[in-house]
Structure formats: C-alpha cells, structure tokens
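Below you'll find the structure, written out as structure tokens, and then a few comments.
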Amino acid sequence: MSEATLGSRFTFPGTSLTVQRIGYGAMQLAGPGVWGPPRDPDGAVAVLREAVAAGVNHIDTADFYGPHVTNQIIRQALHPYPTGLVIVTKLGARRPPDKSWQPAISPQHLTAGVHDNLRNLGLDALDIVNYRVMGSVHGPEEGSIAEQVTVLADLRRKGLVRHIGLSNVTAAQMAEAQAITDVVCVQNNYNLAHRGDDALIDDLARQGIAYVPFFPLGGFSPLQSSTLSAVAGRLGATPMQVALAWLLHRSPNILLIPGTSSVTHLRENLAAGRLTLAPQSLAELDGIAAAAAEVKH
C-alpha cells in the first residue's frame with residue numbers, strides 16, 4: 001500500500017510521531033465481549049502482521065481489553081516493534097471477573113494502568129495515553145477531569161508517558177485538560193449519522209490536534225443505511241468502506257482505527273483509502289446526518 005492509499009500522513013502536534021491516517025484498532029483481537037483470549041490466536045497475530053506489512057503504523061489498544069489480552073498479542077506479533085510504529089493506549093476502566101466495565105480513575109488505578117500497559121506491551125514508555133472518561137450510554141457527560149489529567153501529566157514528567165490524549169470527552173473537558181498539559185488527540189464517538197462533534201472537530205483541526213472517531217458505523221437507522229448502501233453500490237464498495245472514506249474526507253485531522261479480527265476484512269478497511277467520493281455522493285452522505293436530526297425533532 002502506498003501512503004496515498006492509507007489516507008496520507010498526520011503528525012501529532014508537538015511530537016515527532018507521524019502516522020498514516022488509516023490505522024488499526026485492536027479491541028476485537030480479544031475474545032467475545034472483549035474478554036479472554038481470541039478463538040483464533042494465530043489469526044489475531046496474522047491480522048496485526050498483515051496491517052503493519054500493509055503500511056499501518058498507528059495501533060490503538062488498551063490493557064483493559066481482555067484484560068491484558070490485546071496488548072500481549074500485539075507484543076507477540078510485533079515486538080521488537082518496527083521503527084515508526086505508534087501504539088496508542090488508554091486508561092480509565094478496569095474489567096473485574098464479572099466481565100463488567102468499571103471506572104478506574106484514582107491516581108493509584110491510573111498509575112497501575114500505565115505500568116500494566118508497559119509490561120504487557122514490552123515498552124519503557126508509552127507513545128500516547130488517552131484518558132477514557134466513562135460517560136453514559138448516550139455519550140460524554142460533563143464533569144471535571146482535572147485530577148486524572150494531572151496524574152497523567154505527572155507520569156509524563158517521569159518519562160513513563162510521552163504524550164497525552166482524551167477519549168469520550170466534551171469540549172469543556174478538553175479545554176480543562178489543555179490548561180493542565182498538552183493534548184495531542186481526542187477519541188470520541190462520531191460517524192456519518194452521529195455528528196455531534198462537528199464543531200469540536202473543526203476547533204481541533206485549527207489547532208492541529210488529531211480526532212479519532214470510534215463506532216464509525218454505529219447508530220445507523222435502516223433509512224440511513226439504505227442511503228449509505230446506495231452510494232456504496234455505485235462505487236462498487238462496501239458501506240463500511242464508504243463510511244471510512246467519508247471520515248477521511250470530513251477533515252484532515254481525522255485518523256481512523258477500524259478494528260477487525262479477519263485479514264480479509266482488514267484489507268477491505270484499508271482499501272477505503274483508495275475511494276474517491278464525488279460531490280454528488282458527498283452531498284447524499286452529508287444528508288444522512290440532516291435526516292437523523294429531523295427525525296429527532
């Protein structure tokens with residue numbers, strides 16, 4: 001894959017970390033429910049090696065996936081890591097034996113989480129750590145994150161963390177964090193149908209800060225899916241490829257981390273970078289969010 005086919009390059013602000021805009025999200029490498037080992041451990045290793053061989057140099061993970069499983073697979077597949085590979089991990093949750101998702105936001109939890117990531121990834125320092133705020137099912141919730149960001153800033157000063165990002169946050173929380181330390185990326189829920197972060201994306205783009213959407217196909221109604229499918233059909237592409245291509249077109253600071261446990265599906269995702277969306281297709285796709293807003297009102 002050439003650089004152009006992976007959506008061009010992006011450098012995180014104030015860093016020497018430059019990545020292709022299409023990366024890989026490792027969550028699906030764990031077992032069902034993001035718990036325990038994968039059904040096909042060899043297949044999980046193969047997906048990671050295929051991604052890196054194709055030019056992917058941005059991998060998103062978390063030690064609470066599994067827990068510990070995805071990081072251990074990443075280490076098994078790729079360590080010693082190739083030059084230029086950027087591994088982004090996150091803190092803020094834990095997985096007790098009942099398989100639930102619980103907040104892990106005390107200074108002790110956050111510090112232990114950094115050490116868990118370092119140990120399981122086989123690293124001396126983490127490139128980027130996102131503080132993942134545990135919101136509601138509807139998305140981010142307002143509330144101070146100053147204590148948690150201050151802990152991460154202290155871990156950065158100690159050399160365990162190189163750069164800091166945020167996940168599942170509001171614009172106010174982003175501003176609060178930026179008053180404490182530099183923030184290089186934001187990872188929130190955003191896609192064709194769920195565009196509540198449009199203003200935030202534009203603000204981050206002006207600052208050169210990366211925006212990394214999760215759930216690129218989440219929350220679509222059948223009507224919205226039919227529009228997406230129609231555009232995809234004309235392009236000879238899959239709906240997922242078109243949704244990813246639209247995100248790349250939406251703003252130059254958007255980085256993608258589609259996840260899969262299948263090499264075939266991985267290749268489909270990476271091929272989204274080769275899609276060209278004509279003005280008519282973009283207009284139809286942009287209309288998906290407008291239609292969703294009308295339904296809500």
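The values are calculated or read from the model by the stated rules, or taken from the named source; none is laboratory data. The structure presented is a predicted model; accordingly, all values stated were derived computationally and were not measured. For neighbour counting, all protein chains shown are included, and Cβ atoms are generated from backbone atoms with ideal geometry for every residue, glycine included.
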Counting only residues in region 102-111 that are in a helix (DSSP H, G or I) and surrounded by 15 or more Cβ atoms within 10 Å (Cβ to Cβ), the one nearest to the chain's Cα centre (by Cα) is identified as LEU110
Taking region 86-100 and keeping only residues that are surrounded by 13 or more Cβ atoms within 10 Å (Cβ to Cβ) and either over 14 Å from ARG162 (Cα atoms) or among the small types (Gly, Ala, Ser) (or both), one is left with LEU91, GLY92, ALA93, ARG94, ARG95
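Only one residue in ASN130, ASN168, ASN191, ASN117 is surrounded by 20 or more Cβ atoms within 10 Å (Cβ to Cβ) and free of Cβ contacts under 8 Å to residues at least 40 places away in the same chain, so which one is that?
Working: ASN130 fails: free of Cβ contacts under 8 Å to residues at least 40 places away in the same chain; ASN191 fails: free of Cβ contacts under 8 Å to residues at least 40 places away in the same chain; ASN117 fails: free of Cβ contacts under 8 Å to residues at least 40 places away in the same chain.
That would be ASN168, the only listed residue that is surrounded by 20 or more Cβ atoms within 10 Å (Cβ to Cβ) and free of Cβ contacts under 8 Å to residues at least 40 places away in the same chain.
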Taking region 76-92 and keeping only residues that are among the hydrophobic types (A, V, I, L, M, F, W, C) and either at pLDDT below 95 or within 18 Å of the chain's Cα centre (by Cα) (or both), one is left with LEU85, VAL86, ILE87, VAL88, LEU91
Those residues of region 193-212 which are within 16 Å of the chain's Cα centre (by Cα) and among the small types (Gly, Ala, Ser) amount to ALA210
Considering region 242-254, residues that are touching a Leu at 6+ places or on another chain (Cβ under 9 Å) and more than 20 Å from GLN224 (Cβ to Cβ), and then whichever is surrounded by the fewest Cβ atoms within 10 Å (Cβ to Cβ), we arrive at SER251
Within region 98-138, restricting to residues that are touching an Asp or Glu at 6+ places or on another chain (Cβ under 8 Å) and of a type outside the set (A, V, I, L, M), the one that is farthest from PHE214 (Cα to Cα) is PRO107
The residue that is modelled with the highest pLDDT, considering only those in region 1-45 that are part of a helix (DSSP H, G or I) and either hydroxyl-bearing (Ser, Thr, Tyr) or more than 30 Å from ASP98 (Cα to Cα) (or both), is LEU6
Selection over region 89-101 where residues are farther than 23 Å from LEU126 by Cα and either part of a strand (DSSP E or B) or among the polar types (S, T, N, Q) (or both) yields a count of 1
- Query: Hey, any hits in region 47-68 for a residue that's basic (Lys, Arg) and surrounded by 14 or more Cβ atoms within 10 Å (Cβ to Cβ)?
  - Reply: no
